[in-house]
Amino acid sequence: MKLEYLQESSADTCLCPIEISDGESVARAIFYSFHIKKSGVIKWQAFKPDIGDDSISVMRHPCLSEVACKDRAKAMVTPQKHYRGFSLAQAYVLRQKGFEIADSRELFCGHADLHLGVTNQPQEPDEPPADPNRIIELENVCRSLMEIFSFYQDLMPESQAWMDQRPWLWPTPAPMAGDALAP
Amino acid sequence: MTSLATCALTLSTLHPLDASVTVAAGGEAMHPCGSLGIGSARGGWLDLDADMVAYYVDGATWHIGQLTETVEVRKAIGALRELSDGWHGKSSRAPSEQVLHNAQKMAMTAVSAGLRVPEITPNPHGTVSLEWETVHGTLHLEIGKRRLSGYLRTPGNRPTLIAADGGLDLPYFKSVSALLFPSNAVSVRFGVWNSALSLGV
């Protein structure tokens, strides 16, 4: 149902609310084997923005079902880029750690930008930054994301369906005693 | 170029105790069979050109075979050759042959110094990152065409910044190996060899 009327909808007809609620899950598609450690954990480099950018693409689970997310990810596949699964996180956890998420339906309905607050600065081609602090700055932020996101490897990437039984949506924890409450 | 397998057997027959072919550990040199290699901590070469082959002298006999770690490095670097420009956003660059050569040489020098095989990851700017991470610390090197940049971090300390033209030498990696893998013995690292017969020579 979601796949039928949301995935194909344009920015003007997108029925997904622009506001991203705290309870939403967002998914980042994983494409390269070198972004997965031998232990099966995602590397921090999987969260690196494109050159000159400070944000990475994610998909909003309430707007796109697991199957629609997979469909979108597979549409980005090239001969050198193979779909392997998703890294998932909840919006409120990302916000708690200081990250901003903004709907960007101009790309497609259900697309959002996760802002890191640090830009992957352009530099001399084929050379590392002369100042190693620039590596550390971006790496620290990407490592924070690595710790927040959980990797769901797709064991049947060729299939159209999403076969993993693990939930994509977790309950948002109730406020702890002592947390500030709205009057 | 004579294959390494044939070369090793020939040398074994003609010069079983010839030490003149030994190159300095960590140094890059041509060995007698015309292939480019780097000197290992144990003498002999880890070959950079021949596919999945390395050999060394143990004092009396030439050995040839596959060192698990070098096979793994070569495989990981080889996989990056499939990338083309634009693999990570429009402006991203695939690593050039020179960058891959430099990264492979650094990784193999590190392995020959006793470090484990690093996590090998390309970067959008066309560089390749080598990373070692243990409970004792992290070494991250970003390798380019002409220079490398990175850091060494140990728990509770500020990172030591690294920026160098060219590469790092074997003594440096030995010191890092002692830091990150304190219980690692070099003799164990060189324990996985296939016999010449298993290579069909």
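Please treat every number below as a calculation from the coordinates, not as lab data. Every value quoted in this text rests on a predicted model; they were computed, and no experiment measured them. Quick reminder, even Gly has a Cβ in these numbers, built from the backbone with ideal geometry, and neighbours come from all protein chains shown.
Tally Lys/Arg at +1 and Asp/Glu at -1 over every other residue whose Cβ is under 13 Å from the Cβ of A:ALA102; what's the total?
Every neighbour counted, the sum reads -4.
Where does the charge balance sit around A:THR119 when Lys and Arg score +1, Asp and Glu -1, over other residues with C-beta under 12 Å from its C-beta?
Details: positive: A:LYS48, A:ARG134; negative: A:ASP50, A:ASP53, A:ASP54, A:GLU137.
Its environment carries a net charge of -2.
Quick one: which of A:LYS70/B:LYS145; B:LYS90/B:LYS145; A:LYS97/B:LYS75 span more than 31 angstrom between C-alpha atoms?
Cα-Cα > 31 Å for A:LYS70/B:LYS145; A:LYS97/B:LYS75; rest within.
Nearest 20 debye, what's the magnitude of the dipole of the stretch B:69-186 about its Cα centre given +1 on Lys and Arg Cβ and -1 on Asp and Glu Cβ?
Charge dipole, the stretch B:69-186, about its Cα centre: 180 debye, nearest 20.
Per-residue mean of other chain beta-carbon atoms within 10 angstrom of the beta-carbon, peptide B:145-151? Write down the numbers at each step before the final one.
Values: counts 5, 4, 4, 3, 10, 6, 5.
Taking all residues of B:145-151 together, the mean is 5.
Quick one: order A:MET59, A:MET146, A:MET76 by neighbouring beta-carbon count within 10 Å, fewest to most.
Ranked by crowding around the Cβ, least crowded first: A:MET76, A:MET146, A:MET59.
Averaged over its residues, how many other protein chain Cβ atoms are within 10 Å of peptide A:96-102's Cβ atoms?
For this peptide, the per-residue mean of nearby foreign Cβ atoms is 0.
Please rank A:ASP54, B:ASP165, fewest neighbouring Cβ atoms within 10 Å first, as an exposure proxy.
Least to most surrounded, the residues fall as B:ASP165, A:ASP54.
Taking the Cβ of A:PHE34 as the centre, find all other residues whose Cβ is under 10 Å away and add up their charges (Lys, Arg: +1; Asp, Glu: -1).
On the way: positive: A:LYS37, A:LYS43; negative: B:GLU119.
Surrounding charge for A:PHE34 is +1.
If you count, for every residue in A:119-125, the Cβ atoms of partner chains within 10 Å of its Cβ, what is the mean?
On the way: counts 0, 7, 1, 3, 7, 7, 8.
Counting other chains' Cβ atoms within 10 Å and averaging over A:119-125 gives 5.
To the nearest 0.05, what FRET efficiency results for A:VAL67 and A:LEU107 with a Förster distance of 30 Å applied to their C-beta separation? Numbers along the way, then the final one.
On the way: r = 19 Å, r/R0 = 0.63.
That pair, A:VAL67 with A:LEU107, gives E of 0.95.
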